[in-house]
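To start, the structure itself, in structure tokens.
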Amino acid sequence: MKFGGTSVGDVAAFERVFAVVSSQLDRHPVVVVSAMTKVTDALLAAFETAKKGDFAEAFLSLTPHFERHAEVSRHYLPEDGPNLFNAELDLARDELSDLLMRVTRRSLPLQMLKDAIQSYGEQLSSRLLTEVLKAKGVRAHHVDSRRLIVTDDEFGAAQPLVDGTNELVKLELEPLIGEGEVPIMGGFIAANRGGETTTLGRGGSDYSAALVAAALQASELQIWTDVTGVMTCDPRICNSARTIPVLSYEEAAELAYFGAKVLHPKTIKPAVDNAIPVRVCNTFEPNEIGTMVLTDSPEAENKIKSIAHKKNITILRISSARMLGSYGFMSRVFQVFEQFRTVIDVISTSEVSIALTLDNTADIDKIVPELERLGDVEVDPGYAVICVVGEGLRASTGLASSVFSTIKHVNVALISHGASSVNLTFVIKDEAAPDVIRKLHAEFF
Ligand code: ADP
Ligand code: ASP
Ligand code: MG
């Protein structure tokens, strides 16, 4: 069972988690929990402030977040007797102070310090949840994820080493589960082989949960969040969004990849590989079934299951008349992105040019000069990717036409269709996205 940040945001949220966990004790759950909502953002902001040299401000900015943890602890943990969580909180405060100081002084590599700092969200939430559940009579047992999930050295977006992780997860968790205890661990955080703290990328707690589910061959992976499953579009954009009862793994992967934040893209993989059904459920409506993600799923009647989107996308266009009729152009373009470990989302090509979209533009200043050796380069920020997803989309006649006629008033900058059988993807200006999503949603749902 994975609980997201909003599911552990405040005192009331912890009560809901307790209700969900305690209602399924007979199924022997393992609990993976995210940082309390907004805490990871706050830790990252503190890191940036410290990087600019303002240690005092960086540390001070965390005070309200320490207080949020303390408030939950005061509410649930008995006043008589030792409060194990408060001791942890004091320790975390000291360690964070030390780490932020190191950032200002650059006394360790920044990437390493950044992961160490952002790991405190999950370190604290998992310890707090353990103590709260224990106080309410659940046999909860805290397990430090950094002893279980082993990754490579790519700080900030570390890749798990699956065999090692499987072995450790089984070794540590199976005896606890066997004794009727409920292991509680933080998502998102891991460690490399040298024991240094790493993280799996933003939203990565889903991934941690999937890795643990796969290692234990769990009967189900439950992703508990603040909406009832995966919906026909982001409910924050369109209030008539509905829950999708069943999705195939492929549909879920496309949706997650193209911005349906509710599932982390990589979550799908360990679950698919091990045929573990994934269920996305709502802590506010625990009795609703939510969305089941299964190996296969029936086609929707109109083929379209959901509309995902991702904002803040940059288009890069590379054109080279020199390359007309010659091979190797694409390969050289891709090599540049490989060199800077930058992921391309959508791509469209012609004889002498390539247009592609990037979500992560951290290295764009280095990428562009390299590409300029191949041809003319144009950088165009401020776009959104819209992705219409549904099993059977590629094979159906007339769908592209009805999608585009619904939005004929907007300029489409790029289209990709046919690579996957389940999606139709296009790119428009950021500011047009909410209206386009609402129009498509009204038309198809
Ligand atoms: P958590 O903290 O539980 O991991 P996230 O914020 O990562 O939660 O994901 C849940 C949010 O995803 C929802 O509040 C919703 O606004 C957003 N979302 C975007 N697209 C969709 C979609 N198609 N279906 C459901 N939720 C979506
Ligand atoms: N706390 C991390 C984040 O905000 C991981 C997660 O919530 O899944 O990205
Ligand atoms: Mg999430």
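The values are calculated or read from the model by the stated rules, or taken from the named source; none is laboratory data. Here the structure is a predicted model, which means the values were calculated and not measured. Cβ: placed from backbone, ideal geometry, glycine included. Neighbour counts: every protein chain shown.
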Next on the checklist: Please go through segment 245-272 and give me each residue that is within 19 Å of Pro434 (Cα to Cα), out of contact with any helix residue (DSSP H, G or I) (no Cβ under 6 Å at 6 or more places or on another chain) and not in a loop (DSSP other than H, G, I, E, B), ordered by number.
Outcome noted: Leu255
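Okay, residues lined up against (1) among the basic types (Lys, Arg); (2) more than 20 Å from Ser34 (Cβ to Cβ); (3) surrounded by 14 or more Cβ atoms within 10 Å (Cβ to Cβ):
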position	(1), (2), (3)
Thr165	no, no, yes
Lys170	yes, yes, yes
Glu179	no, yes, no
Asn192	no, yes, yes
Checklist outcome for this item: When restricted to Ile364, Ile407, the only residue more than 21 Å from Ala260 (Cβ to Cβ), surrounded by 15 or more Cβ atoms within 10 Å (Cβ to Cβ), out of contact with any strand residue (DSSP E or B) (no Cβ under 6 Å at 6 or more places or on another chain) and among the hydrophobic types (A, V, I, L, M, F, W, C) is Ile364
Checklist entry - Restricting to helices (runs of 4 or more DSSP H) lying wholly in segment 359-445: which have 3 or more residues that are under 18 Å from Ile315 (Cβ atoms) and within 28 Å of the chain's Cα centre (by Cα)? => result 364-372
Checklist outcome for this item: Per the list (1) away from ligand 2 (no atom under 15 Å from the Cβ); (2) in a loop (DSSP other than H, G, I, E, B), residue check on Ala214 breaks on (2)
Next on the checklist: Looking for something touching a Ser or Thr at 6+ places or on another chain (Cβ under 9 Å) and of a type in the set (S, T, N, Q) - is there at least one such residue anywhere in segment 397-415?
Outcome noted: no
Item to check | First in segment 62-73 and β-branched (Val, Ile, Thr), second anywhere and in a helix (DSSP H, G or I) and surrounded by fewer than 20 Cβ atoms within 10 Å (Cβ to Cβ), Cβ under 7 Å, 6 or more apart | outcome: Val72/Val11
Item to check | Restricting segment 396-420 to residues that are out of contact with any helix residue (DSSP H, G or I) (no Cβ under 8 Å at 6 or more places or on another chain) and touching a residue at least 60 places away in the same chain (Cβ under 8 Å), the residue that is farthest from Ile386 (Cα to Cα) | outcome: Ser396
Checklist entry - Are any residues in segment 6-22 over 14 Å from Asn282 (Cβ atoms) and not in a loop (DSSP other than H, G, I, E, B), and if so, which ones? => result Val8, Val11, Ala12, Phe14, Glu15, Phe18, Val21, Ser22
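The rows are residues; the columns are (1) in contact with a helix residue (DSSP H, G or I) (Cβ under 9 Å, 6 or more places away or on another chain); (2) not in a helix (DSSP H, G or I).
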| position | (1), (2) |
| --- | --- |
| Glu48 | yes, no |
| Gly81 | no, yes |
| Leu99 | yes, no |
| Ile117 | yes, no |
| Val132 | yes, no |
| Ala158 | yes, yes |
Checklist entry - Consider His141 against the criteria (1) surrounded by 15 or more Cβ atoms within 10 Å (Cβ to Cβ); (2) touching a helix residue (DSSP H, G or I) at 6+ places or on another chain (Cβ under 6 Å); (3) more than 23 Å from Tyr207 (Cβ to Cβ): it satisfies all of them except one. Which criterion is unmet? => result (3)
Item to check | Positions within segment 226-244 being assigned to a strand (DSSP E or B) and either within 15 Å of Thr6 (Cβ to Cβ) or within 16 Å of ligand 3 (Cβ to nearest atom) (or both), in sequence order | outcome: Met231
Checklist entry - Considering segment 321-356 alone, what residues qualify as being surrounded by fewer than 17 Cβ atoms within 10 Å (Cβ to Cβ), more than 29 Å from the chain's Cα centre (by Cα) and in a helix (DSSP H, G or I)? => result Ala321, Arg322, Met330, Ser331, Arg332
Checklist outcome for this item: So, first residue more than 13 Å from Trp224 (Cα to Cα) in segment 260-276, second residue within 12 Å of ligand 2 (Cβ to nearest atom) and modelled with pLDDT under 85, Cβ within less than 7 Å, six or more apart or across chains; the pairs are none
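Listed residues Leu44, Leu62; which is away from ligand 2 (no atom under 14 Å from the Cβ), closer than 13 Å to Ile117 by Cα and either in contact with a helix residue (DSSP H, G or I) (Cβ under 7 Å, 6 or more places away or on another chain) or among the polar types (S, T, N, Q) (or both)?
Criteria check complete, one pass: Leu62.
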Next on the checklist: Being out of contact with any Cys (no Cβ under 7 Å at 6 or more places or on another chain), in contact (Cβ under 8 Å) with a residue 60 or more places away in the chain and over 29 Å from Ala190 (Cα atoms) is the filter here; which residues of segment 208-247 pass it?
Outcome noted: Met231, Thr232, Cys233, Asp234, Ile237, Cys238, Ser240, Arg242, Ile244
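Residues are listed down the side, and each one gets a yes or a no for (1) near ligand 1 (Cβ under 10 Å from one of its atoms); (2) touching a strand residue (DSSP E or B) at 6+ places or on another chain (Cβ under 9 Å); (3) small (Gly, Ala, Ser):
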position	(1), (2), (3)
Leu168	no, yes, no
Leu171	no, no, no
Glu174	no, no, no
Gly187	yes, yes, yes
Arg193	no, yes, no
Thr198	no, yes, no
Thr232	yes, yes, no
Checklist entry - Do we find a residue being of a type in the set (A, V, I, L, M) and surrounded by fewer than 20 Cβ atoms within 10 Å (Cβ to Cβ) anywhere in segment 250-258? => result no
Checklist outcome for this item: Filtering segment 144-159 down to residues that are touching a residue at least 40 places away in the same chain (Cβ under 8 Å) and surrounded by fewer than 22 Cβ atoms within 10 Å (Cβ to Cβ) yields Asp144, Arg146, Arg147, Asp152, Asp153, Glu154, Phe155, Gly156, Ala157
